[in-house]
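These notes are about the structure you will find just below.
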Amino acid sequence: MAKQKINIVWFKRDLRLSDHQPLKMAELSGLPVLLLYIFEPSLINDPHYSGRHWRFVTESLIDINRQLAGRVAVAHDEVISVLQEITEKFEVVSIFSHEETGLAVTFSRDKAVLRWATQNSIAWHESASGAVVRPCANRDSWDKNWQKTMRANLLVNHPDRLNIVSFDFDTSKLPKTWTQSN
């Protein structure tokens, strides 16, 4: 039996439902979509993050799930393990997410995800998150890109138009901030 074809919207730092390019791309794709957030141990244990950050993430996810009737799948593991688990049930066509900039741990992770996606014939579409462009050979024209980005019209998302699929992950390993809130 053939697996159901889906796309994934991988929420990283941008936890909102409006002016969100990856959500818009998923909406326009026409395929069912899995909305996904991953509490990654490598990030939880990174000294750049604190409990305050994870409480904010938890509160943001609770708010999104209120708006979408609990439709964001939440996992706790490294991203490639989670994606691999999803591909055991679904045929993933594309992953939509925002680019992240700034930390070596997320840059290394994203390079590994790109290799994994390529090896598994999955398209990964990363949208710029703000005016920072990756990769950037120099900073000569950064201000032109910033001006263009800041003056762009807000993107109108329609998450109610998404055909959202669900996926049940093992929740026993989720951070206390998540399990105490739900």
Do we find that Arg109 is under 23 Å from Thr171 (Cα atoms) and surrounded by fewer than 19 Cβ atoms within 10 Å (Cβ to Cβ) in this structure?
-> no
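Could you say which residue among Glu100, Glu88 is of a type in the set (Asp, Glu), within 27 Å of Leu17 (Cβ to Cβ) and modelled with pLDDT of 75 or more? Steps first, answer last, please.
Details: Glu88 fails: within 27 Å of Leu17 (Cβ to Cβ).
Of the residues listed, the single one that is of a type in the set (Asp, Glu), within 27 Å of Leu17 (Cβ to Cβ) and modelled with pLDDT of 75 or more is Glu100.
Given the structure, is Ile95 at pLDDT 95 or above, crowded, with 18+ Cβ neighbours inside 10 Å, in a helix (DSSP H, G or I) and not polar (S, T, N, Q)? Let's see the steps before the verdict.
Details: at pLDDT 95 or above: yes; crowded, with 18+ Cβ neighbours inside 10 Å: yes; in a helix (DSSP H, G or I): no; not polar (S, T, N, Q): yes.
Spelling it out, it is not the case that Ile95 is at pLDDT 95 or above, crowded, with 18+ Cβ neighbours inside 10 Å, in a helix (DSSP H, G or I) and not polar (S, T, N, Q).
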Residues of region 14-39 satisfying the condition of being assigned to a loop (DSSP other than H, G, I, E, B), out of contact with any Ser or Thr (no Cβ under 7 Å at 6 or more places or on another chain) and either of a type in the set (A, V, I, L, M, F, W, C) or surrounded by fewer than 20 Cβ atoms within 10 Å (Cβ to Cβ) (or both) = Arg16, Leu17, Ser18, Asp19, Gly30, Leu31, Pro32
Note: among Ile80, Ile122, just one is among the hydrophobic types (A, V, I, L, M, F, W, C), out of contact with any Lys or Arg (no Cβ under 7 Å at 6 or more places or on another chain) and open to solvent by 30 Å² or more (accessible area, probe 1.4 Å), namely Ile80
Which residue pairs have Cβ atoms under 6 Å apart, sit 6 or more places apart or on different chains, and have a first residue in region 148-171 that is touching a residue at least 60 places away in the same chain (Cβ under 8 Å) and a second that is loosely packed, with under 14 Cβ neighbours inside 10 Å and in a loop (DSSP other than H, G, I, E, B)?
-> Asn157/Ser18
Of all residues in region 142-180, how many are surrounded by fewer than 12 Cβ atoms within 10 Å (Cβ to Cβ) and modelled with pLDDT under 70?
-> 2
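The values are calculated or read from the model by the stated rules, or taken from the named source; none is laboratory data. Just so it is clear, the structure is predicted and the values come from calculations on it, not from any experiment. Counting neighbours? That spans all protein chains shown, and the Cβs are built from the backbone with ideal geometry, glycine included. Quick note on the areas: whole protein, heavy atoms, side chains included, nothing else; ligands and nucleic acids left out. Shrake-Rupley method; radii C 1.70, N 1.55, O 1.52, S 1.80 Å.
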